[in-house]
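The values are calculated or read from the model by the stated rules, or taken from the named source; none is laboratory data. These numbers come from a predicted model, not from an experiment. Here Cβ is always computed from backbone atoms with ideal geometry, including for glycine, and neighbour counts include all displayed protein chains. Accessible surface is based on the protein model in full, side chains and every heavy atom, while ligands, DNA and RNA are left aside. Shrake-Rupley method; radii C 1.70, N 1.55, O 1.52, S 1.80 Å.
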Amino acid sequence: MDRVVSNQGSLHPNPGAEHVDAEAVPSISPEGASATATRRANVPLDLRILDYVTPFDRNLVCPICHCPFIQPVRLDCDHTFCRDCLSRAFTTQTADTKKCPSCRASSSFGQTQTVPRFIIHMIDELVVKCPKHDVGCASQVRRGDLQVHVDLYCSYSEVPCPAVDCSLTIPRKDLGERCLHSKVICDSCDVEMLEKDVNEHNRKLCTKQTSTCPDCQESFTKSALSDHERRCPQTTIRCLGSNIGCRHSTKRVDMAQHQNSCALASLLPAMKAMSDRMDQQGAALDLLQRKNDILEGSVSNMQSLLANAALPLADASAAATSPHSTEAAPFDSATHHLLSLHESLREELDRVASSISEVDARASMMIINENLRLKEDLAHTNAVIGSMRMQLQWLTSARLQTQPKPAPGAVTSGAGPSVRSGPSSPPPGASQPPIRRLSDSERTKL
Amino acid sequence: MGSSGGGKRIARELGECTNDPPEGIRVQLVDDADVYRWDITMDGPEQSPYAGGHFKLQLRLPTEYPFKPPTINFATKIYHPNVSNDDKGSMCLGMLRSDQWKPPNKIVAVLNMVRNILIEPNIDDAVETGVAEQYKNARDEFVKTAREWTAKYASGK
């Protein structure tokens, strides 16, 4: 990761520095300005690889790198990007006039404008994990303070070696007065390492170095020792029954003997089973209680609803509940009380259900009746429409008949029957008034 | 992690695509160590002649992503005016063109566009002009052939 950070250096000439220097330093300086802390690491940070702790608003995200803005700039078309993202987008464009990556409006790099200060504040407020969190730094800092944290305070960031002739770096926490980059060889395992890594090697990694067990005085390699500590026969341990009252403690070898005779230790399995069962029952009781609460709530809801809707029913339910509430008092245990309450609630629920179904049936009857009436109406309307259609047909044919006849044969044959059906058929050349009379007589016939 | 910013963005987009995939689209990496090559499985949209088919696509991201557009290839043969009928199955239209690509475009948008192209081919931008002619003038035949190809090449898993 360090290599990447330094690669990014050319793209980040001065990432967020003007802002960081302006207001972050005073806020963080009380952390301690020790002599080592003043040595700056001065590695430009790549803010894009950070892990964000706070969730951030989608509107604060650069559309190009999908990270919260880093040194945002704004184009004339009001689109905002990170400065680096925009300059990289511009370098991939060949044309002389650069175009906005979002809307292709023409602009050039010189025309960028600053974004409102509150946006900078919002992105600086975002809390991030220190980039060294993978090697042990647990700090979470505001992004605006990150450069200062890494440069001055993070004990895991690499700082230059104090020796003048050494160009290597060392984590700040290991920094001393002299160069720790000389090679040393572990006396025990012959592994070559840098002097700065010796501590960690001795603590964990060395495969040969031995240390003695404080209890049995035998020596083991470092890696085997922790394993041994869990099994050493001379270590003093407590009786298995200690958590149910046995105060005895002795060496591991003698413990088996004690536990054979210890009443508490032999009771342990039975006690454990009992406590397990008690836990289960407690959980079941909790569940029941919660269910009961829910039922009670819904029933009282319904009661209030019904009280508004139908007074007689509300009276009945009130009468039904009142004996129960007086009855509930004598119960000696909470479970009995709960059970009886549950029973009464169930009865009430049944009653409510039956009344609901009654109402339902009534409503559906009403709907059916209404439907029937509507259907009848509809049939009636249909009949009326049919009769009107017939009248219209008759009128049309009558009109056709009265037209001057280019093809008299066809018209007379087509209109013949309807003309004949009329009680007083008009003469072929009749004008409009007789036709009106005809239609009137047709309507009365229907 | 050559350009860490781009890599981070790709990883983020991959997370979005795998956790909340667009309808009828499944996404995975060809090789877990390489975020620049994606394997896409796209179900033929119901309202298209490709319904019932499972089409494999390969999506490649250039190292300059998001400044250069991704490329899409149909690994499964498909009878479509906008997909070349050769072993590459390449498709190049709309936002996939480098002159029309915009860095803010996301891969999800690309995948949705491909799916929309399956539903409604873009005739004015066709690579297979014969298929495009058929789509325009003899839609029934086009639908028939597309169905046949779907059954033949894309019905398997």
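Relative to the longest principal Cα axis of chain B, at what angle does helix B:139-153 sit, 0 to 90 degrees, rounded to 10?
60
So what is the relative contact order of the stretch A:236-297, in percent, for Cα pairs below 8 Å that sit 6 or more residues apart? Could you put the intermediate results ahead of the total?
Details: 40 pairs, mean separation 15.6, N = 62.
The normalised contact order for the stretch A:236-297 reaches 25 percent.
As a test question: what accessible area, to the nearest 10 Å², does B:LYS77 have when a 1.4 Å probe is rolled over all protein chains in place?
We get 80 Å² for B:LYS77.
With a 10 Å radius around each residue's Cβ, average the other Cβ atoms per peptide and rank A:140-150, A:299-309, highest first. Numbers along the way, then the final one.
Working: A:140-150: 22.3, A:299-309: 14.0.
The most tightly packed comes first, giving A:140-150, A:299-309.
What is the Rg over Rh value, at two decimals, for the stretch A:236-297, using alpha-carbon atoms and the Kirkwood definition of Rh?
When Rh is taken as the Kirkwood radius, the ratio is 1.35.
Cβ neighbours within 10 Å, averaged per peptide: list B:47-60, A:237-250 in order, most packed at the top.
Working: B:47-60: 18.4, A:237-250: 14.8.
The most tightly packed comes first, giving B:47-60, A:237-250.
Per residue of A:348-358, count partner chain C-beta atoms within 10 Å of its C-beta, then hand back the mean as an integer. Mind dumping the intermediate values first?
Details: counts 0, 0, 0, 0, 0, 0, 0, 0, 0, 0, 0.
Rounded to a whole number, the mean comes out at 0.
Expressed as an acute angle from 0 to 90° and rounded to the nearest 10, what is the orientation of the C-alpha long axis of helix B:107-119 relative to the principal long axis of chain B?
So the inclination is approximately 0 degrees.
Using a 1.4 angstrom probe with every protein chain in place, what is the largest-first accessible-area order of A:MET255, A:MET278, A:MET122?
A:MET278, A:MET122, A:MET255
Give me the distance in nm between label points sitting 7 Å out from Cα along the Cα-to-Cβ direction at A:HIS380 and B:GLU133, one decimal.
Placing both labels 7 Å along Cα→Cβ, they lie 6.7 nm apart.
If the limit is 26 Å between Cα atoms, which of B:LYS8/B:LYS102; B:LYS77/B:LYS144; A:LYS132/B:LYS106; B:LYS106/B:LYS136 go over it? Could the numbers behind the result be given before it?
Numbers: B:LYS8/B:LYS102 18 Å; B:LYS77/B:LYS144 15 Å; A:LYS132/B:LYS106 30 Å; B:LYS106/B:LYS136 31 Å.
Over 26 Å apart, Cα to Cα: A:LYS132/B:LYS106; B:LYS106/B:LYS136.
Rolling a 1.4 angstrom probe over the protein chains, ignoring ligands and nucleic acids, what is the accessible area of A:PHE69 in square angstrom, nearest 10?
That residue has around 10 Å² of solvent-accessible surface.
How large, in percent, is the carbon and sulfur part of the accessible surface of the stretch B:16-142 at a probe radius of 1.4 Å?
Values: 2590 of 6100 Å².
Carbon-and-sulfur percentage of accessible area, whole number: 42.
Which aspartates and glutamates does A:LYS291 reach when only Cα atoms under 20 Å apart count, and residues fewer than 8 places away in its own chain are ignored?
Partners within reach: A:ASP279, A:GLU343, A:GLU347, A:GLU348, A:ASP350.
How big, in percent, is the set of alpha carbon pairs in the stretch B:1-101 lying more than 24 Å apart? Before the final figure, lay out each step's value.
Details: 1257 of 5050 pairs.
Tail of the P(r) past 24 Å holds 25 percent of the pairs.
Between B:VAL108, B:HIS54, B:PRO121, whose Cα lies farthest towards the positive end of the dipole of the stretch B:5-153 when Lys and Arg beta carbons carry +1 and Asp and Glu beta carbons carry -1, centred on the Cα centre?
Selected residue: B:VAL108.
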